[in-house]
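So the structure is just underneath, and the comments pick up after that.
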Amino acid sequence: MRNTARWAAALGLTAAAVCGPLTGAAVAAPDAAPSSLYAPSALVLTTGHGNDAATATPERAVTLTCAPTASGTHPAAVAACAELRGTGGDFDALKPAGDVWCNKLYDPVVVTVQGVWQGKRVSYERTFGNTCVRDSVGGGVFAF
C-alpha cells in the first residue's frame, strides 16, 4: 500500500512538473504582447433628410477610421480625423465655420455617428437646419 501511495505521489509530481509550465505559458500568452499599439477609432457616419434618425431615411453613409492613419470612404478623412482629435472626439464641440453664410430655409438634415472613438463606444445624433449648416460644422466632418 505504501508503494502505491509513493507511486501516485511521484506520478502526480511528474505530471505537475511537465504540464505546469505549459498551462502557465498558455495563461500568460494573451497578455504577453499587446494586440495593437493604438486604441481603435472606427466610425460610420450617416445623413438623411428628416427631424430625427428614427424617421429619416439614410441617404448617404461613409466610414471613417482615424487610427493608426486616417482612412475610409469619407471624402476628407484626414481633415475630419484632425478635427475630431482637436475636440477629443466630442462631436458636440464641433463648431460651424465663421466664414460660411447659409440661407434660413428649413430643410432638416440629421446626422448619426456609430462606432468606436479611441476605444470608447460612440452613438451620436444631431439635426441641422439644412445641408449648408451641416456642411459648415466641424471643418468637414459632416460634409460627405
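The values are calculated or read from the model by the stated rules, or taken from the named source; none is laboratory data. On a predicted model such as this, the values are computed, not experimentally measured, just so you know. Every residue, glycine among them, receives a Cβ derived from its backbone with ideal geometry; neighbour counts consider all protein chains shown. Heads up: the accessible areas ignore ligands, DNA and RNA and are worked out on the full protein's heavy atoms, side chains in. Shrake-Rupley method; radii C 1.70, N 1.55, O 1.52, S 1.80 Å.
Of the residues making up the stretch 53-63, just one is of a type outside the set (Gly, Ala, Ser), free of Cβ contacts under 8 Å to residues at least 24 places away in the same chain and under 11 Å from LEU43 (Cα atoms), namely THR63.
The condition of being within 13 Å of the chain's Cα centre (by Cα) and farther than 20 Å from THR46 by Cβ holds for only one of GLY89, GLY119, GLY98, that being GLY119.
Step by step: first the residues of the stretch 29-43, then only those that are open to solvent by less than 90 Å² (accessible area, probe 1.4 Å) and either assigned to a loop (DSSP other than H, G, I, E, B) or farther than 28 Å from LYS120 by Cβ (or both), then the one that is modelled with the highest pLDDT. Which residue is that? Ranking the qualifying residues of the stretch 29-43, first place goes to SER41.
Determine whether THR112 is farther than 15 Å from GLY139 by Cα, among the β-branched types (Val, Ile, Thr) and without any contact (Cβ under 8 Å) to a residue 40 or more places away in the chain. It is false that THR112 is farther than 15 Å from GLY139 by Cα, among the β-branched types (Val, Ile, Thr) and without any contact (Cβ under 8 Å) to a residue 40 or more places away in the chain. Taking the criterion of being open to solvent by 40 Å² or more (accessible area, probe 1.4 Å), closer than 26 Å to ALA67 by Cβ and not in a loop (DSSP other than H, G, I, E, B), the residues of the stretch 94-132 that qualify are GLN114, VAL116, LYS120, ARG121, SER123, GLU125, ARG126. Within the span defined as the stretch 44-60, every residue fails to be surrounded by fewer than 16 Cβ atoms within 10 Å (Cβ to Cβ), under 16 Å from ASP135 (Cα atoms), out of contact with any Leu (no Cβ under 6 Å at 6 or more places or on another chain) and of a type in the set (A, V, I, L, M).
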